[in-house]
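J.: This structure is in structure tokens; I'll ask about it shortly.
The values are calculated or read from the model by the stated rules, or taken from the named source; none is laboratory data. Since we're looking at a predicted model, the values are computed, not measured. Positions of Cβ are backbone-derived with ideal geometry, glycine not excepted, and every protein chain shown enters the neighbour counts.
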């Protein structure tokens with residue numbers, strides 16, 4: 001869906017930033033003529049030539065540098081748990097994927113809550129700063145269930161981003177399979193229950 005967005009809202013040669021680059025998936029856009037740069041806090045994941053180690057709350061770029069900022073940050077769900085397996089069970093977390101503790105400022109170690117929200121509010125301000133007038137911010141995000149209660153992560157991000165001045169121009173619901181390991185599998189009645197993943201496309205005003 002990211003390729004659809006850059007083709008629909010831009011043209012080859014437009015630079016794309018991912019401030020939460022992870023293992024560098026955003027760089028597939030290079031082959032379609034959209035040069036990319038990623039920022040990632042974990043050194044172990046900075047394996048692509050155009051992923052730099054850095055902090056999304058203090059981006060190392062001048063203002064209005066990018067036509068596109070595209071990212072899928074951590075959702076604040078059980079992937080952020082600080083889980084140490086004591087038996088043969090496997091529960092997928094960012095810590096398990098990395099093989100060791102995450103850096104303290106890594107949002108992959110932040111469950112949904114006040115600290116998560118403060119950090120992302122600062123990061124979205126940085127996105128506003130580095131996005132050129134008329135530029136596009138694309139956010140892939142999802143709600144989750146914790147203790148049988150839906151956590152309204154998506155709406156918080158929407159409110160925070162539009163509060164900065166971005167306008168929502170499109171919402172896409174991609175089909176995703178999920179890991180089928182968390183509470184999202186079932187509702188309290190143990191019936192099939194999947195919360196949609198949403199890709200929200202925002203535009204910064206021209207002036």
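J.: Name the residue, out of 144, 148, that is in contact (Cβ under 8 Å) with a residue 40 or more places away in the chain and on the phi > 0 side of the Ramachandran plot. Step through it out loud before you land on a result.
T.: Details: 144 fails: on the phi > 0 side of the Ramachandran plot.
Every option except 148 fails the conditions.
J.: Mind listing whichever residues of segment 124-138 are surrounded by 22 or more Cβ atoms within 10 Å (Cβ to Cβ) and either at positive phi or out of contact with any helix residue (DSSP H, G or I) (no Cβ under 6 Å at 6 or more places or on another chain) (or both)?
T.: Step one: filter segment 124-138 for residues surrounded by 22 or more Cβ atoms within 10 Å (Cβ to Cβ), giving 124, 127, 131, 135-138.
Passing the criteria: 127, 131, 135.
J.: Based on this model, can you work out whether residue 151 counts as modelled with pLDDT of 95 or more and within 24 Å of residue 19 (Cβ to Cβ)?
T.: For residue 151, the condition - modelled with pLDDT of 95 or more and within 24 Å of residue 19 (Cβ to Cβ) - is not met.
J.: Which of the strands (runs of 3 or more DSSP E) contained wholly in segment 1-81 include at least 3 residues that are surrounded by 21 or more Cβ atoms within 10 Å (Cβ to Cβ)?
T.: Counting at least 3 such residues, we get 16-18, 36-40, 66-71.
J.: Among the residues of segment 26-56, count how many are at pLDDT below 95, closer than 18 Å to residue 138 by Cα and out of contact with any strand residue (DSSP E or B) (no Cβ under 8 Å at 6 or more places or on another chain).
T.: 0
J.: On the given criteria, is residue 129 part of a loop (DSSP other than H, G, I, E, B) and either at pLDDT below 90 or farther than 20 Å from residue 2 by Cα (or both)?
T.: Considered against the rule, which asks whether it is part of a loop (DSSP other than H, G, I, E, B) and either at pLDDT below 90 or farther than 20 Å from residue 2 by Cα (or both), residue 129 comes out as no.
J.: Let me ask you something else. In this structure, is residue 124 more than 12 Å from the chain's Cα centre (by Cα), more than 16 Å from residue 37 (Cα to Cα) and without any contact (Cβ under 8 Å) to a residue 60 or more places away in the chain?
T.: Criteria not met by residue 124.
J.: Separate question: Let me spell it out: the conditions are (1) under 16 Å from the mean Cα position of the chain (by Cα); (2) farther than 20 Å from residue 124 by Cβ, and residue 30 meets all of them except one. Which number is the exception?
T.: Exception for residue 30: condition (1).
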